[in-house]
Each structure stands twice: as C-alpha cells, then as structure tokens.
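Working notes for the structure below.
What follows draws every value from the coordinates through simple rules; no lab data is involved. Keep in mind it's a predicted model, so treat the numbers as computed, not measured. Cβ: placed from backbone, ideal geometry, glycine included. Neighbour counts: every protein chain shown.
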Amino acid sequence: MMSGNYWEEEVYTSPPLSGLRRSDMSATFSWLDLHFPIEGSKIDWRRVQGRHVHWKVTDDTQLAAMVSREVCKRIRRGSVVEHIGDGLSPYGVLFVDGDVTSVVTALLEIPEHHYFIAEDRSWIVVATTEGDLDAVDHLNLD
C-alpha cells in the first residue's frame, strides 16, 4: 500500500536513483546555513565567497544538460556528490562520477531547488525550478 509520497515510492525506487546511498538532508542544510549567506530561506548569491558563476536558463532540457556539465566539470574521479532538494525529495542521495548524467536528469524531474555538493565541500552547483543555475568553486568557508 502506498503512503502517498509519489517521489519516495516511485521516483526514488526506480533506476537510476534506486541504488543510491541516502543521506540526512537536515545535516547538509545545517552546513549550508552555517557556511553561506542566507536571504529569506535561500542562498544570497551576491554575498557568496569563492569563484561564482550564474546562468539563467528557460529550457528544462538545456538546464539539465548544463547542470550535468557543471557537476561533471567539478567532480574528481572516484569522489562522491551529495544531492539534496528543498521541497519534495524525502532524503539526500550520494552518487559517484560515472552516474552524473543519468542521476542529475532524474533528480531534476522533481520540482524543487536542487543542491549538488562535493563530498569534501569544495564546490556546489544549485539549480532552481525558476531556471537559475549557480556554481561556486574554491569555497571560502572560514
């Protein structure tokens, strides 16, 4: 019997998301709150330290391709990326470099803001449902 959470019961139980290790989103959101300037409930990108780039993308297919490209550009071979969503995702997931394109595409089907974060916290790529794509490298977290 389904509990009513479509995203958890359908999306996260189907490949490529079904085999991914899960993470505690609250711990990662706490880390974001401690290390990024926040305005309202979102990152204030104007005040972020580090090398920041921003794009506005109106086409969902193009946005998915760009997010995949930006994550692929940053991930090191054998390292892990954590994804958390701020709305419908029931938990965070962890994936490795070989899974980027299929995992990113599947995750972006979920209508929420998406945070892709390096396991060592050296970079972050964020995509919004409004078509904003932000990436920060060489995070200055002190």
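Principal axis lengths of the chain from Cα atoms, whole Å, largest first?
The Cα atoms of the chain stretch 46, 31, 30 Å along the principal axes, largest first.
With a Förster radius of 30 Å, plug the Cβ-Cβ distance of Ser79 and Thr58 into 1/(1 + (r/R0)^6) and report the FRET value to the nearest 0.05.
0.45
Show me, for the range 53-65, the HN-Hα J-couplings you get by feeding each phi into the Karplus relation (A = 6.51, B = -1.76, C = 1.60, θ = phi - 60°), rounded to Hz, glycine and proline as x.
Listing the rounded values in order: 10, 9, 10, 10, 10, 9, 9, 4, 5, 5, 4, 4, 5 Hz.
Nearest-5 percent of antiparallel DSSP beta bridges in the range 31-142?
Rounded to the nearest five, the antiparallel share is 100 percent.
Taking R0 as 22 Å, what's the FRET efficiency between Arg21 and Thr105 from their Cβ-Cβ distance, rounded to 0.05? Each step should come with its number before you reach the end.
Numbers: r = 19 Å, r/R0 = 0.85.
E between Arg21 and Thr105, to the nearest 0.05, is 0.70.
Under a point-charge model restricted to the Cβ atoms of Lys and Arg (+1) and Asp and Glu (-1), what is the dipole moment magnitude of the range 1-110 relative to its Cα centre, in debye to the nearest 20?
660
For Gln49 and Ser122, compute 0.36 nm times the residue count separating them, minus their Cα-Cα distance, and round to one decimal in nm.
25.1 nm
Can you work out the PRE-style zone for Glu8? Point 7 Å along Cα to Cβ, and I want the residues of the range 99-131 with backbone N under 20 Å.
Hits in the range 99-131 for Glu8 at 20 Å: 107-115.
Got a sec? How would Leu107, Leu34 order by Cβ neighbour count within 10 Å, fewest to most?
In increasing order of surrounding Cβ atoms, one gets Leu34, Leu107.
Work out which trypsin sites (Lys or Arg not before Pro) in the chain are exposed loop sites (DSSP not H, G, I, E or B, at most 12 other Cβ within 10 Å) and give the longest gap free of them. Present the calculation step by step, with values, prior to reporting the outcome.
On the way: sites that count: Arg76, Arg77.
Answer - 1-75.
Quick one: compute the contact order of the chain, relative version, from alpha carbon pairs under 8 angstrom and 6+ residues apart, as a percent. Mind dumping the intermediate values first?
On the way: 218 pairs, mean separation 40.4, N = 142.
For the chain, the relative contact order is 28 percent.
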